[in-house]
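The values are calculated or read from the model by the stated rules, or taken from the named source; none is laboratory data. Source: prediction; values computed, not measured. So basically every Cβ, Gly included, is an ideal-geometry build from the backbone, and we count neighbours across all protein chains shown.
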Amino acid sequence: MMRQVPNFLSVVRVFIGFAFFFTFPSFLSKVLFYIALFTDLIDGYIARKFNFQSRAGEVLDPLADKTFFGLVLIKLYMAGILEQWFFYLVSIQYSVYVVIVALYLKKHFDFKANICGKITGTMIALVSFLAINNADPLYLNLACFVYVLSMSVSTYVYWKNFLTQKKAKLMVAKKHLYRDSKND
């Protein structure tokens, strides 16, 4: 039961995203935002500290993050706080991410977080935080710019890892095919 705590926190983060969506702008929505950030920090810590890592958690945690921040960004865009270009760019990036996850799962590839993805996640949290707290547009735009840079690098790294793993699996398959044809 305790092994499922990190995954449970990830699922809770999705529900918090919907609660945020329906309560923004209010003090409650800010509290929900901070609770969601805390669950994101604590689920990974618990998983690593107590060796509760799982393949489900590898996929569930980032998808919960994308769902939560997707709902936050939709609401911030609807409220006129985020620029249209940024909203559409993040939407495209999130869509690409979901495709990458689907390919990883379908083809049984390793799906591990990388430092670029962590920076990108931190930047989207910072952009959301600044937007929710009506920060100076200069700071918000700067955070958006850094997000775009980190998102570009992160997406490249995930695709590169996927293609490298795919190539390695093809090489193994060719080797087995060659060996089997030699034995005939």
(message) Can you pull out every residue in the range 53-69 that is surrounded by fewer than 18 Cβ atoms within 10 Å (Cβ to Cβ) and under 17 Å from Ala131 (Cβ atoms)?
(response) none
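Is it the case, given these coordinates, that Ala125 is surrounded by 13 or more Cβ atoms within 10 Å (Cβ to Cβ) and either closer than 17 Å to Asn7 by Cα or charged (D, E, K, R) (or both)?
No: the conditions fail for Ala125.
Only one of these is in a helix (DSSP H, G or I), at pLDDT 80 or above and under 17 Å from the mean Cα position of the chain (by Cα): Phe145, Phe162, Phe87. Name it.
Working: Phe145 fails: under 17 Å from the mean Cα position of the chain (by Cα); Phe162 fails: at pLDDT 80 or above.
Phe87 is the lone residue from the list that is in a helix (DSSP H, G or I), at pLDDT 80 or above and under 17 Å from the mean Cα position of the chain (by Cα).
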